[in-house]
């Protein structure tokens, strides 16, 4: 290896203590005897104390915190032997001089001129020790030229402060060949993969060393060099990484983020703790805002996926629930939800102490939960949005089954008439098709009753009991019943508004199921949407992209429900089509979406796959609101429209609901109660005991409408009171 000659100039941090070490012994030895006796004694004592201190430092008995406080720990350690020798020579000259006066000083300082005398020998020994000390300190006292091995191109500097100082002196601070003359490096600490130091500029000048100059000198990329301000413009801390950071490696997740995402999609962000994700076979990392960025920007999910060269079903981003400076990014090799999430069994639907139920599983492996009720705050509303085929019927079935198994009373309204027969079966009251408004009237009458009872009892928070259960009002395909151009539509909007606004504190959960969250799809009621979604749970499946702008729930920022594909992408589309290319039927993304609930992270999830809830329905445990005395009159109440004038009054001041409608819970002149549908049917069949009676005859004899009669006959057959001989023909059991 070739050698080069370099000039090594000492830094002031090294030079100052070296000068003191050389000058102090002869100077104090000559001056101490000339001082006033008290001051001379004090000087002598100080030299003795100094010798003791440097002796303790030499043997390693001075605590590190004391050395650090001086700011010269490295210098004190490097010159510990010369500092001890200088202090001993000084004490040897000053202490006897203070006691014996100028005679001793003259003998010590000039005795070397008479080498054959005793004083001459002592003086010679003292000056020899001082000369040896000065010789050892010569590198710290003056510049010198030395021969060093030349650093080969592309070879990083050797570790250790010595090698680092040498390269800095040669290529940065040298007045002849340095990029920034006079800007010296001190206090270097080398940890192996990186080193740090302090740059000091000449007094009156600021530090202006560039990352490019440091990178060139130490053969590392400029991005590996960073600076931190010191206590004043004349000093600056420098940190140099020997290995480039991960964001410079295109094969790492950090490198892909820095190159593909940071410039345009999420500027001012970087990744932390990137690691492989065993749940997906891909990567997961924290997205963190840079120091000068207050919060992580909300990404456009399509742009984020495109920048990562991935697919919508293979990228999941979750904002942090409480820290605006963090988010979680997950890039998958295969989405673990693609194969479906079979329903594990009714045990997963058991509510937690806080009223949370699991409706599926997220891509992270964590269950996806929503809250049906809060023991302190009351009932929690739920909104399920998704177009036909997105799987919202399956989610409704799971939520309803959870409510049923938890002992909640279900009131079901289904304008479509065939959305979810299993939910209709587990409901305490249901109305479908053209009769859907009846369910809402019954629910509203129950709401009115609980308002009055709450005022009468002075009840602040709702507490569920077996006779006063939580109630879930499920309204499927809500847009079909909230048409504001019809009287029933206006009535439905009014009732739903009131349940959404007042139901929480009365133990009544409102479950809205709709294709979209637009107000115009809810009868124009933005209040209903706000009361259900804000603070409640939202399940967003595949639907219109515009829905993302209408949802202000934390965690849903940037989610595009329109970008959820209808099917999992099996392979790329062929550029040129041929009949020889086999067609693989794609798997549907049924139940794929996002769920958000108070205290739960919003993540990509898929609902449990449950074809039918029928095997899990407990027909002997279908709950109903026993706290409402008018429950037996529900069929009569369902026939009475909720209508009134336009006057409004505050629910808080009146103890009742506010708005333009008020359903009469009892008629002013109530006619004698008519027999219930069950009693009317049994009366007809009792009269024809043992005979088979067609359904058409039962309709004629009882006057019950077709839908109510069908429900009644089904219930009587299930409990064994009557039997169905053939379709449409019934007989009373003896």
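Given the condition surrounded by 20 or more Cβ atoms within 10 Å (Cβ to Cβ) and at pLDDT below 85, answer yes or no: does some residue in the range 11-19 qualify?
Yes, there is a match, as at least one residue in the range 11-19 is surrounded by 20 or more Cβ atoms within 10 Å (Cβ to Cβ) and at pLDDT below 85.
Search the range 115-143 for residues being touching a helix residue (DSSP H, G or I) at 6+ places or on another chain (Cβ under 7 Å) and at pLDDT below 85, and hand back the single one that is farthest from residue 170 (Cα to Cα).
Here the residue is 115.
Residues in the range 461-468: is at least one part of a helix (DSSP H, G or I), at pLDDT below 85 and either in contact with a strand residue (DSSP E or B) (Cβ under 6 Å, 6 or more places away or on another chain) or closer than 23 Å to residue 378 by Cβ (or both)?
Going residue by residue through the range 461-468, those that are part of a helix (DSSP H, G or I) are none.
Scanning the range 461-468 turns up no residue that is part of a helix (DSSP H, G or I), at pLDDT below 85 and either in contact with a strand residue (DSSP E or B) (Cβ under 6 Å, 6 or more places away or on another chain) or closer than 23 Å to residue 378 by Cβ (or both).
Only residues that are farther than 18 Å from residue 78 by Cα and at pLDDT below 85: list them for the range 179-191, please. Step through it out loud before you land on a result.
Let us first name the residues in the range 179-191 that are farther than 18 Å from residue 78 by Cα, namely 179-183, 191.
Result: 191, single match.
Which pairs do you get when a residue that is touching a residue at least 60 places away in the same chain (Cβ under 8 Å), found in the range 696-713, comes within reach of a residue that is in a helix (DSSP H, G or I), reach meaning Cβ atoms under 6 angstrom, with the pair 6+ apart or on two chains?
Close Cβ pairs (under 6 Å, with a partner that is in a helix (DSSP H, G or I)) amount to 707/435; 708/677.
Scan (1) surrounded by 19 or more Cβ atoms within 10 Å (Cβ to Cβ); (2) without any contact (Cβ under 8 Å) to a residue 60 or more places away in the chain for the single condition residue 281 breaks and write down its number.
Here residue 281 clears every test but (1).
Would you call residue 424 in a helix (DSSP H, G or I) and over 15 Å from residue 502 (Cα atoms)?
Working: in a helix (DSSP H, G or I): yes; over 15 Å from residue 502 (Cα atoms): yes.
Here the answer is yes, as residue 424 does meet what is asked.
Return the residues of the range 686-724 that are under 53 Å from the mean Cα position of the chain (by Cα) and over 18 Å from residue 619 (Cα atoms); say none if nothing qualifies.
Of everything in the range 686-724, those that are under 53 Å from the mean Cα position of the chain (by Cα) and over 18 Å from residue 619 (Cα atoms) turn out to be 707, 708.
If I ask for residues that are over 29 Å from residue 423 (Cβ atoms) and in a strand (DSSP E or B), which ones from the range 684-724 would you list?
693, 694
Taking the condition touching a residue at least 12 places away in the same chain (Cβ under 8 Å) and within 35 Å of the chain's Cα centre (by Cα), does residue 233 pass?
Working: touching a residue at least 12 places away in the same chain (Cβ under 8 Å): yes; within 35 Å of the chain's Cα centre (by Cα): no.
So residue 233 fails the test.
What do you reckon, is residue 330 closer than 29 Å to residue 281 by Cα and modelled with pLDDT of 90 or more? Step through it out loud before you land on a result.
Details: closer than 29 Å to residue 281 by Cα: yes; modelled with pLDDT of 90 or more: yes.
Spelling it out, residue 330 is indeed closer than 29 Å to residue 281 by Cα and modelled with pLDDT of 90 or more.
Regarding the range 321-332, can at least one residue be identified that is at positive phi and not assigned by TED's automatic domain parsing to the domain that holds residue 358?
Step one: of the range 321-332, the residues at positive phi are none.
Taking every residue of the range 321-332 in turn, none turns out to be at positive phi and not assigned by TED's automatic domain parsing to the domain that holds residue 358.
Sort out which residues of the range 440-460 are in contact with a helix residue (DSSP H, G or I) (Cβ under 7 Å, 6 or more places away or on another chain) and under 25 Å from residue 354 (Cα atoms), and write them in order of number.
Selection gives 443, 447, 450, 451, 454.
Taking only the range 362-409 into account, find how many residues are surrounded by fewer than 22 Cβ atoms within 10 Å (Cβ to Cβ), under 29 Å from the mean Cα position of the chain (by Cα) and under 16 Å from residue 340 (Cβ atoms).
Selection size over the range 362-409: 2.
Taking the range 212-241 only, how many residues are in contact with a strand residue (DSSP E or B) (Cβ under 6 Å, 6 or more places away or on another chain) and assigned to a loop (DSSP other than H, G, I, E, B)?
Residues flagged as in contact with a strand residue (DSSP E or B) (Cβ under 6 Å, 6 or more places away or on another chain) and assigned to a loop (DSSP other than H, G, I, E, B) within the range 212-241 amount to 1.
Can you find even one residue in the range 343-351 that is touching a residue at least 24 places away in the same chain (Cβ under 8 Å), closer than 30 Å to residue 461 by Cα and in a strand (DSSP E or B)?
no
Scan 164, 88, 100 and give me the residue that is modelled with pLDDT of 85 or more and assigned by TED's automatic domain parsing to the domain that holds residue 216.
Residue meeting the stated conditions: 164.
Output the number of the condition that residue 209 fails; it satisfies all remaining conditions of (1) part of a loop (DSSP other than H, G, I, E, B); (2) over 30 Å from residue 167 (Cα atoms).
(2)
The values are calculated or read from the model by the stated rules, or taken from the named source; none is laboratory data. In this text, all values refer to a predicted model and were calculated from it rather than measured experimentally. Note that each Cβ is placed from the backbone with ideal geometry, even for glycine, and that neighbours are counted across all protein chains shown.
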